[in-house]
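As structure tokens, the structure follows; a few thoughts come after it.
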Amino acid sequence: MVYFADILIFFAFIFVVVDFFAMSYGIFTASGAIFFIIGSILLFYVMPNVPGFFVRIVLPTYITITIFVLVSAYLGYRTHMSKVKVGMVTLLNEVGEVTRDIKPEGEGKVLVNGELWTAFSDYEILKNSKVVIIDTGNMLRLKVKPFRKNT
């Protein structure tokens, strides 16, 4: 029985290590935690020289860690399966602020939603001016034009 407990604990550690390299959303870690709990319980009840209070301390710790891993895996999976809420298309018609002058046929820098982007324009736009994004272009460059308020 002691060998069976040792084997379960050994596989628990193997599962945790495998989870680092496999995309399992924590399933291997959760399985490893369960194997570790079962192996520890078997080991503690079979070995007469292990104090009984150790089970009262270790078992709640294992259960807490297992619950944490399962909740983390669930939240990670739910986040992974959620729809994308950001992207290049969401930047169209956004207003930004020029942080480095944009020359015609040249590049500058634009701050949009707290992010610094490389921008180009057909117009000369000076630093601290407002611009509106008209195209996301390619290679993470934004095409902008001067911002004019509708009055």
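Values quoted throughout were computed directly from the atomic coordinates according to the rules given, and no laboratory measurement underlies them. What you are looking at is a predicted structure, and each value in this text was computed from that prediction instead of being measured. Reconstructed Cβ throughout: ideal geometry from the backbone, glycine too, with neighbour counts over all protein chains shown.
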- Note on the structure: Options (1) 24, 17, 16; (2) 61, 14, 12; (3) 28, 16, 16 for semi-axes √(5λ) of the Cα gyration tensor in Å; the value derived from the coordinates is listed as (2)
- Angle in degrees between helix 27-46 and the longest Cα principal axis of the chain, rounded to the nearest 10: 20 degrees
- Message: Within the chain, which is the longest segment that contains none of the trypsin sites (Lys or Arg not before Pro) sitting in a DSSP loop with at most 10 other Cβ atoms within 10 Å?
- Response: 1-82
- Query: Is the stretch 2-81 rounded, prolate or oblate when judged by the Cα gyration tensor, a ≥ b ≥ c being the square roots of its eigenvalues, rounded requiring a/c under 1.5 and prolate requiring a/b larger than b/c?
  - Reply: oblate
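Taking the Cα centre of the chain as the origin, how large is its charge dipole in debye, to the nearest 20, when only Lys and Arg (+1) and Asp and Glu (-1) carry charge on their Cβ atoms?
In total the dipole reaches around 500 debye.
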- Task: List every residue whose amide H lies under 5 Å from the amide H of Ala119, counting only residues 5 or more places away in sequence or on a different chain, with H placed 1.01 Å from N in the peptide plane.
- Result: Gly108, Lys109, Val110, Leu142
- Note on the structure: Which residues qualify? For Thr136, with a placed amide H closer than 5 Å and at least 5 residues away or on another chain, they are Lys143
- Item | Degrees separating the helix 52-81 axis from the principal Cα axis of the chain, which is the longest one | 30 degrees
- Item | Cα-based helix-to-principal-axis angle, 2-21 vs the chain, degrees rounded to 10 | 10 degrees
- Message: To make sure I understand, if each residue's beta carbon is the centre and we count other beta carbons within 10 Å, what order do Ile7, Ile65 fall in, fewest to most?
- Response: Ile7, Ile65
- Note on the structure: Taking the chain and counting helices only, DSSP H stretches of n ≥ 4 at -39,500 (n - 2.57) each over all residues, the nearest-500 ellipticity at 222 nm comes to -16500 deg cm²/dmol
- Message: Please enumerate, by chain and number, the aspartates and glutamates with C-alpha under 19 Å from the C-alpha of Lys127, excluding those fewer than 8 residues away in the same chain.
- Response: Glu94, Glu97, Asp101, Glu105, Glu107, Glu115
- Note on the structure: Other residues with Cβ under 11 Å from the Cβ of Phe147 give, with Lys and Arg +1 and Asp and Glu -1, a net charge of +2
